[in-house]
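The values are calculated or read from the model by the stated rules, or taken from the named source; none is laboratory data. Here the structure is a predicted model, which means the values were calculated and not measured. Neighbour counts are summed over all protein chains in view; Cβ atoms, including those assigned to glycine, are modelled from backbone coordinates with ideal geometry.
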Amino acid sequence: MTFARPELLALVPIVVLVLTLALAAQSRRHRKLADAFGGAEAARRLTSRDLTSFPRRRLACLLGAGVAMSLAAAGPYVDLGATLDPTQPVDLVIAVDLSLSMTGTDVRPSRLERAKFVIRELTESMPNERLGLTVFADWPYSVLPLSDDPALVRFFAEPLTPELIVERDQGTSLAQVISHALEMFDTRRRPEAQQVILLITDGEGHENETQILDAASAAAAAGVRVWTAGVGTSGGSELATLDPDPLPVLGDDGEPVVSRLNESLLRRIASAGEGGYRNVSGGAGLRSLLGVFRRAGTESAPGGEATGAALWLVLLAIPLLFVEGRLDAAGIVQLPRLAEPEE
C-alpha cells in the first residue's frame, strides 16, 4: 500500500494516544464519582450506570475507527497490475489530446493545462530517460522525436493549445495516435529499453472502440506498452468555441455539449496495451503515475491502476462508531420501576 500524503500517518499514534487517555480519564472520574456516592451499588442506583468498570470494548471500537480515519486521511492506494522493469531504461512517447474537449474546465484551470502540468512533473522525474512528444485530435502530429533531453519535451509542451489543430481535424482519434506513436520508436529504437506510450486524454474517442483496443493490442504485441492518464471528471464540462467571443457548443438536439471523462474506455485501452491507468486530475493519481515511471529507473515498484482504499477505511469506521455508541448506551442500567402507591 502506498500513501498520497504519508506525512499524515503521524496521526495514527496521536489518535491512539488521545483516545486511550480520554477514556482512561473518563473511567477515573467515574470511579471517583462512584466512591463519592458510597460505592458501586449506590452509584448504580443513583445514576443508572456502572461507573466502576473500564470500557474496554468501547476503547477497541474507538481505536479501530480512529486508526481507520487516520489512514484514510493519508490517502492510501494499492498499485495493481503492470510493472516496469527497474533494471532497464525507458523510452516514453507522450501523446497529448488537443481536441476541443480538452478545453473543459471541470479540472482547473482546464484539462489541457492540467495535462501540461502532468508533462512538466513527469519529465522532471525522468531526467535519465528518452522522451518524445506527439499531439492529436482527429489526426496525430509529431512534435518531438525521442530525445535524451526531457527539458525539450517541457519546452515544446508549454505552448500547446487546441488552436494548433485545424478545425477540420477536431475530434479524438485514439487508434490513430497509438499507431503513430508506435512508429516513432522505429526511428531510434533501443533493444535494451522498455518502450511505453502514455496517452494523456479525457478518453472521448470518436472511433469504433474495437479499433482503439486493437491498436493498443498491436502495440503490446510489438513490445510497446500503452498507459493512459485520464484528465477530467464524470460530471463533465460544457464546451465553448475557440472564438475570441466563445459561444457554447451545441449538439444536434440544440442543447450544450457536455464532455465527460471516459474512464471505462481508458481502463480498457490500458488493459489491452498491457499498461496501466491513472486519473491524473488530482494529486494522488498524479503522484502514483510519477512513482511508476520515476521508480522505473531506481527501484522496483508495482504499477497498474491505483485502487483507492480511503473509502473502504471510512466505511469501516462508521459501523465501529455506531457499535461504540450502542455500547455506551448499554452502560445505562435499567432499574426496576417502583410500584404505584395504592390509593
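Can you list the strands (runs of 3 or more DSSP E) lying wholly within region 119-214 that have 1 or more residues being closer than 21 Å to R260 by Cα and in the same structural domain as P89 (by TED's automatic domain parsing)? Show your work before the answer.
On the way: elements: 130-136, 140-147, 194-201.
Of the strands (runs of 3 or more DSSP E) lying wholly inside region 119-214, those with at least 1 residues that are closer than 21 Å to R260 by Cα and in the same structural domain as P89 (by TED's automatic domain parsing) span 130-136, 194-201.
Of all residues in region 118-153, how many are of a type in the set (A, V, I, L, M, F, W, C), surrounded by 16 or more Cβ atoms within 10 Å (Cβ to Cβ), over 14 Å from A181 (Cα atoms) and in contact with a helix residue (DSSP H, G or I) (Cβ under 8 Å, 6 or more places away or on another chain)?
Residues meeting the conditions: 5.
Which residues, taken from region 90-105, are outside any strand (DSSP E or B) and either touching an Asp or Glu at 6+ places or on another chain (Cβ under 8 Å) or buried (at least 21 other Cβ atoms within 10 Å of the Cβ) (or both)?
Applying the first criterion (outside any strand (DSSP E or B)) to region 90-105 yields 98-105.
L98, S99, L100, S101, M102, T103, G104, listed by residue number.
Any chance you could count how many residues in region 250-279 are in contact (Cβ under 8 Å) with a residue 12 or more places away in the chain, hydrophobic (A, V, I, L, M, F, W, C) and not in a loop (DSSP other than H, G, I, E, B)?
6
Given A193, A216, which one is among the small types (G, A, S) and in contact with a helix residue (DSSP H, G or I) (Cβ under 6 Å, 6 or more places away or on another chain)? Walk me through it before giving the result.
Working: A193 fails: in contact with a helix residue (DSSP H, G or I) (Cβ under 6 Å, 6 or more places away or on another chain).
Testing whether each residue is among the small types (G, A, S) and in contact with a helix residue (DSSP H, G or I) (Cβ under 6 Å, 6 or more places away or on another chain) leaves just A216.
Can you tell me which residue among L98, L51, L80, L84 is modelled with pLDDT under 90, touching a helix residue (DSSP H, G or I) at 6+ places or on another chain (Cβ under 7 Å) and under 30 Å from A181 (Cβ atoms)? Spell out the reasoning first.
On the way: L98 fails: modelled with pLDDT under 90; L51 fails: under 30 Å from A181 (Cβ atoms); L80 fails: touching a helix residue (DSSP H, G or I) at 6+ places or on another chain (Cβ under 7 Å).
Unique residue meeting the criteria: L84.
In region 172-196, how many are out of contact with any Phe, Trp or Tyr (no Cβ under 7 Å at 6 or more places or on another chain) and either surrounded by 18 or more Cβ atoms within 10 Å (Cβ to Cβ) or at pLDDT 85 or above (or both)? Quick ask: steps written out before the conclusion?
We begin by selecting, within region 172-196, every residue out of contact with any Phe, Trp or Tyr (no Cβ under 7 Å at 6 or more places or on another chain); these are 172, 174-175, 178-194.
Within this subset, residues satisfying the condition of being either surrounded by 18 or more Cβ atoms within 10 Å (Cβ to Cβ) or at pLDDT 85 or above (or both) are 172, 174-175, 178-186, 190, 192-194.
Result for region 172-196: 16.
Does region 268-275 include one or more residues that are crowded, with 18+ Cβ neighbours inside 10 Å, among the acidic types (D, E) and either within 15 Å of the chain's Cα centre (by Cα) or not assigned by TED's automatic domain parsing to the domain that holds P6 (or both)?
Going residue by residue through region 268-275, those that are crowded, with 18+ Cβ neighbours inside 10 Å are 268-275.
So of that shortlist, the ones also among the acidic types (D, E) come out as 274.
Applying the additional criterion that residues be either within 15 Å of the chain's Cα centre (by Cα) or not assigned by TED's automatic domain parsing to the domain that holds P6 (or both) yields 274.
Scanning region 268-275 turns up at least one residue that is crowded, with 18+ Cβ neighbours inside 10 Å, among the acidic types (D, E) and either within 15 Å of the chain's Cα centre (by Cα) or not assigned by TED's automatic domain parsing to the domain that holds P6 (or both).
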